[in-house]
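A short write-up of the structure that comes next.
Every read-out reported here was derived from the displayed coordinates using simple, explicitly stated rules and does not represent laboratory data. None of these values were measured; they are calculated from a predicted model. Positions of Cβ are generated from backbone atoms using ideal geometry, with glycine treated the same way; all protein chains shown enter the neighbour counts.
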């Protein structure tokens with residue numbers, strides 16, 4: 001065996017071992033309440049530079065401000081906003097639960113282009129958020145090699161509407177980065193390692209892989225929204241905002257406000273189903289977001305209570321304003337996932353190379 005042949009073999013082995021680290025597990029989020037619906041989030045990373053408008057179109061997000069709110073971008077950010085290569089953007093989408101699993105509610109719909117294959121659509125276009133067999137099953141495709149240009153495919157994104165620890169949360173499909181650990185991710189997003197392990201069916205935190213989609217529950221602000229409102233349950237995650245009531249009301253969640261939803265009338269965008277926004281008054285001179293009274297530990301405000309096809313509801317509500325301990329936002333980044341992956345690769349590579357060299361020596 002010559003040196004060139006030996007080099008080729010070693011290169012092939014390295015490529016094989018390196019590619020094996022990219023085989024992330026298929027993401028399946030538990031959702032125990034049949035036919036429950038909610039809004040969820042998922043990370044999207046394009047390997048190339050792109051724009052918010054491209055992401056909005058790819059994921060069929062109706063309004064750009066929904067993406068702006070999910071990422072806490074300024075409200076005047078345009079669709080031409082440049083997104084860098086592999087920059088994570090949170091994408092909001094509707095979720096529906098059935099048979100113990102949550103999937104995006106028939107969105108996004110992707111139009112097949114000439115030259116497309118299910119594998120490429122899953123791994124390249126949607127950056128590995130789903131596996132191609134999931135797309136095949138969701139769309140009842142008998143032969144994955146026979147898809148028709150112009151047809152639409154439902155991309156079944158993983159999601160959940162379940163409560164966690166007896167509290168309503170926004171489930172976030174977080175893309176794990178190289179060097180992250182379960183404990184570090186838990187600390188960063190205000191939960192615990194055990195919660196993440198249980199939600200994601202992980203027995204050993206060291207098996208976490210870069211590129212894996214992890215179900216991370218984000219604490220949502222409490223609100224006064226009624227259960228007969230068209231936007232119930234209105235779950236807004238910490239450090240995000242949304243526009244609701246046909247763009248007439250803006251609500252934001254902030255941990256510094258004791259996780260109490262803060263809403264206010266908005267004229268930033270044109271109403272979507274009304275010519276003008278209905279009244280947002282609690283009384284003659286008190287509107288949504290206005291404070292009526294306050295003392296050392298309580299504040300009475302005019303709260304947003306939901307909307308119907310004709311009006312916006314309000315209610316006077318008293319909230320505690322005493323400071324509460326905020327969750328840690330640090331990420332220790334112990335690198336358990338990275339060391340596990342790299343250690344596996346190089347230890348096996350070491351063994352294979354020595355085997356090859358030993359074989360050359362013998363022959």
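Highest mean packing comes first when the peptides 271-277, 44-50, 233-239 are listed by Cβ atoms within 10 Å, giving 233-239, 44-50, 271-277. Normalising the average separation of contacting C-alpha pairs (under 8 angstrom, six or more residues apart) by the number of residues puts the relative contact order of region 118-224 at 25 percent. Overall shape: oblate for region 49-132, with the ratio a/c of the largest to smallest alpha carbon gyration tensor axis at 1.5 or above and b/c at least equal to a/b. Projected label points at residue 125 and residue 276, each 7 Å from Cα along the beta carbon direction, are separated by 4.5 nanometres. Oblate is the label for region 240-320. Its Cα gyration tensor axes, ordered a ≥ b ≥ c, give a/c of at least 1.5 and b/c at or above a/b. Measuring r between the beta carbons of residue 283 and residue 203 and using R0 = 51 Å, the FRET efficiency lands at 0.35.
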